[in-house]
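A quick write-up on the structure given underneath.
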Amino acid sequence: MTRKLFGTDGVRGTANIHPMTVDMAVSLGAAVGRHFRNEHGGVHRVVIGKDTRLSGYMFENALTAGLTSTGMNVLLLGPVPTPAVGLLTASMRADLGIMISASHNPAEDNGIKFFGPEGFKLSDAVEAEIEALVAAGVKPAQPQNIGRAKRIEDGRFRYQERVKGTLPSGLRLDGIKVVVDCAHGAAYRTAPEVLWELGADVIPVGTDPNGLNINADCGSTKPQMAADTVRAHGADLGICLDGDADRIILIDETGTVVDGDQIMALLAARWADEGRLAGGALVATVMSNLGLERFMDSKGLRLERTQVGDRYVVERMREGGFNLGGEQSGHIVMTDYATTGDGLMAGLQFLREMVQSGSKASELTRSFTPVPQLLKNVRFAAGVAPLDAARVQAVIKDAEAKLVGQGRLLIRKSGTEPLIRVMAECEDDGLLNQVVDDIVAEVEQAAAPAS
């Protein structure tokens, strides 16, 4: 079955525009409620978390209506990080977890992510089944079987204790000054509190959400504010989270931005040395730098690549029995501790390495020299398919021929935004810029709406 509603990370779009409408949220709630009631017997419950977007109130109520109409009992967590929903779904023995968030997208967007009873994101096959139920319509429960809704006041604190428990007993962060940028998002309370409770000197930024400022010039996709703050305060480390706190970008003490590839390289090497890197492999996506792959090879370890999307990383980790994976964009997945990417948890693991090694952040974030990589995005209009254009296909074929033996090329449609992502890697900077610019120019022409 093909999927029309779901992208690489749930259903996402602009609030009040299809598919992110109240009617669709009610239909999705009813469909997913019916699916999981059919799959599991006994008492039926679902936990719902959200980030700080204004439209979160609207979708929280709409999903609750759809779910309760099919007999699901709804437990409302309020603003919590996405990984908290994965953890609490399992610990509260729920049939289903839902996170209302558009992650790193701007405030006008929103999304709905689903987690199964073990706290892992749903597979493509299950999402297709839910889409089929949405299309067919769902018969509501009998009046006496309608579900209930209840607010859970301590969900955030349960998650915070779980996160702190990932560090060795007794390990403290005393004397470490940390800037934490919460992107005015779901971790605006959680991250500063956890770091402070562990003893760090915390400088919080991006912790004043108003419903409209999530990810606005801050967070993991725009780390400049955090970098400036690190330099201004002489901090030892900067931690930049995105709107739902499932990804992380680090800032070292010099103000240099560090991506997920370097974080994964450090953790993989240390875990391998300690004999706890399961399967001797790291799982990453096709976007991760070639330098990371070479680094893993030099350590006698493997890099397993998947398509883009942290849930595909997790699926491969579960299939192969691996316990570390992630994305260059900052999703770091540690299945010994969590069911999905967890930015705060990854930040704590990095701080653990700083404490135990006595090293500065800059000394731990240079595991490999990245191969020059260039990524450019081209936005396209609704109803346009730029990659199908003959001119675009021809210029891509030409670029691939030029890069043979010198680098690699990756062209893909974003699963979360109307963007074509053009990425290339090559040691020759001139050739790198030429092939990317040539492709972008053709894609831009093909992406324009018909006049």
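Some observations on this one:
- Residue ID - surrounded by the most Cβ atoms within 10 Å (Cβ to Cβ), chosen from residues in the stretch 427-451 that are of a type outside the set (Val, Ile, Thr) and in contact with a Leu (Cβ under 7 Å, 6 or more places away or on another chain): Leu432
Each row is one residue, and each column tells you yes or no for (1) more than 28 Å from Leu344 (Cα to Cα); (2) without any contact (Cβ under 8 Å) to a residue 12 or more places away in the chain.
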residue: Ser27; (1), (2): yes, no
residue: Ala30; (1), (2): yes, no
residue: Arg37; (1), (2): yes, no
residue: Val43; (1), (2): yes, no
residue: Tyr57; (1), (2): no, yes
residue: Thr68; (1), (2): yes, no
residue: Val74; (1), (2): no, no
residue: Gly86; (1), (2): no, no
residue: Phe115; (1), (2): no, no
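- Considering the conditions (1) open to solvent by 40 Å² or more (accessible area, probe 1.4 Å); (2) more than 23 Å from Ser91 (Cα to Cα); (3) not in a helix (DSSP H, G or I), Val308 is excluded by exactly one of them, (1).
- Criterion violated by Ala226 - all others in (1) over 21 Å from Thr52 (Cβ atoms); (2) of a type in the set (Gly, Ala, Ser); (3) assigned to a helix (DSSP H, G or I) satisfied: (1)
Okay, residues lined up against (1) assigned to a helix (DSSP H, G or I); (2) open to solvent by 20 Å² or more (accessible area, probe 1.4 Å):
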{"position": "Lys4", "(1), (2)": "no, yes"}
{"position": "Leu54", "(1), (2)": "no, yes"}
{"position": "Leu67", "(1), (2)": "yes, no"}
{"position": "Ala90", "(1), (2)": "yes, yes"}
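- For the stretch 179-188, the criterion of a residue being hydrophobic (A, V, I, L, M, F, W, C), in contact (Cβ under 8 Å) with a residue 60 or more places away in the chain and on the phi > 0 side of the Ramachandran plot is satisfied by at least one position.
- Residue in the stretch 120-152 that is most open to solvent (accessible area, probe 1.4 Å), counting only those that are part of a loop (DSSP other than H, G, I, E, B) and among the polar types (S, T, N, Q): Gln142
- Residues in the stretch 221-248 that are open to solvent by 10 Å² or more (accessible area, probe 1.4 Å) and not basic (Lys, Arg): Thr221, Pro223, Gln224, Met225, Asp228, Thr229, Ala232, His233, Gly234, Asp236.
Listed here are the residues, each with its yes/no results for (1) in a loop (DSSP other than H, G, I, E, B); (2) crowded, with 24+ Cβ neighbours inside 10 Å.
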position: Gly279; (1), (2): no, no
position: Met287; (1), (2): yes, no
position: Leu303; (1), (2): no, no
position: Tyr312; (1), (2): no, no
position: Arg316; (1), (2): no, no
position: Gly330; (1), (2): yes, yes
position: Asp336; (1), (2): yes, no
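- Taking the criterion of being hydrophobic (A, V, I, L, M, F, W, C), open to solvent by less than 30 Å² (accessible area, probe 1.4 Å) and assigned to a strand (DSSP E or B), the residues of the stretch 401-426 that qualify are Leu419, Ile420, Val422, Met423, Ala424, Cys426.
- Condition met for Val378 (more than 17 Å from the chain's Cα centre (by Cα) and buried (at least 17 other Cβ atoms within 10 Å of the Cβ)): yes
- Any hit, the stretch 244-253, residues being under 16 Å from Ala200 (Cα atoms) and in a helix (DSSP H, G or I): no
- Filter result for the condition that a residue is over 24 Å from Gln307 (Cα atoms) and aliphatic (A, V, I, L, M), over Ala394, Ala390: Ala390
- Residues (open to solvent by less than 30 Å² (accessible area, probe 1.4 Å) and not in a loop (DSSP other than H, G, I, E, B)) located in the stretch 153-168: Gly155, Tyr159, Gln160, Val163
- Among all positions in the stretch 286-305, there is no residue which is modelled with pLDDT of 95 or more, over 30 Å from Gly407 (Cβ atoms) and out of contact with any Cys (no Cβ under 6 Å at 6 or more places or on another chain).
- Considered as a group, the residues in the stretch 338-365 that are outside any helix (DSSP H, G or I) and in contact (Cβ under 8 Å) with a residue 60 or more places away in the chain include one that is nearest to the chain's Cα centre (by Cα), and that residue is Gly341.
The values are calculated or read from the model by the stated rules, or taken from the named source; none is laboratory data. Not measured: the values here are computed from a predicted model. Cβ coordinates were reconstructed from backbone atoms using ideal geometry, including for glycine residues, and neighbour counts include every protein chain displayed. These area figures cover heavy atoms from the full protein model, side chains too; ligands, DNA and RNA do not enter into them. Shrake-Rupley method; radii C 1.70, N 1.55, O 1.52, S 1.80 Å.
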